[in-house]
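What follows is a short report on a single structure.
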Amino acid sequence: MNEATKIVGIRIREIRKVKNISQETLAVLADVNRTHMGRIERGDKSPTVATLEKISKALKCPISSLFKVETT
């Protein structure tokens, strides 16, 4: 997959871990198949905007935070 897909997956995983939510729980909260959620987090699958919206709501964070890249 492309770099943007990988970045989004990494950000979802980072936010999920900070909030101490398991991948399975996030999948249930976001109404996303658990296997698909794993593929999204690994950057293997590019999520739709609708899926990103469901994930951001489940994580209780703005959708824009899923695209945030830390620069040094």
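The values are calculated or read from the model by the stated rules, or taken from the named source; none is laboratory data. Here the structure is a predicted model, which is why all the values come from computation and not from measurement. When we count neighbours, we look across all protein chains shown, and the Cβ atoms used for this are built from the backbone with ideal geometry, even at glycine. The area values use the complete protein model at the heavy-atom level, side chains included, leaving out ligands, DNA and RNA. Shrake-Rupley method; radii C 1.70, N 1.55, O 1.52, S 1.80 Å.
What does the charge count near residue 38 come to, summing +1 for each Lys or Arg and -1 for each Asp or Glu among other residues with Cβ under 11 Å from its Cβ?
+2
Taking only protein heavy atoms into account and a 1.4 Å probe, give the accessible area per residue of the chain in Å².
For the chain, the per-residue accessible area is 65 Å².
Please give the net charge around residue 62, taking every other residue with its beta carbon less than 13 angstrom from that of residue 62, where Lys and Arg add +1 and Asp and Glu add -1.
+3
Output wanted: per-residue J couplings in Hz (rounded whole) for segment 50-64, from phi through Karplus 6.51 cos²θ - 1.76 cosθ + 1.60, θ = phi - 60°, x for Gly and Pro.
Per-residue couplings from phi come out as 4, 5, 4, 5, 5, 5, 5, 5, 5, 7, 6, 9, x, 4, 4 Hz.
Of (i) 1.05; (ii) 0.92; (iii) 0.95, which one was derived for Rg/Rh (Cα atoms, Kirkwood Rh) from the structure shown?
Matching the structure shown: (ii).
Can you count the Lys pairs in the chain whose Cα atoms are under 18 Å apart, with each pair 8 or more apart or on different chains?
For the chain, qualifying lysine pairs total 15.
Counting only the heavy atoms of the protein chains, how much of residue 29 is accessible to a 1.4 Å probe, in Å² to the nearest 10?
Its heavy atoms expose roughly 100 Å² to the probe.
Of all accessible surface on the chain at a 1.4 Å probe, what whole percent is carbon and sulfur?
That fraction is 52 percent.
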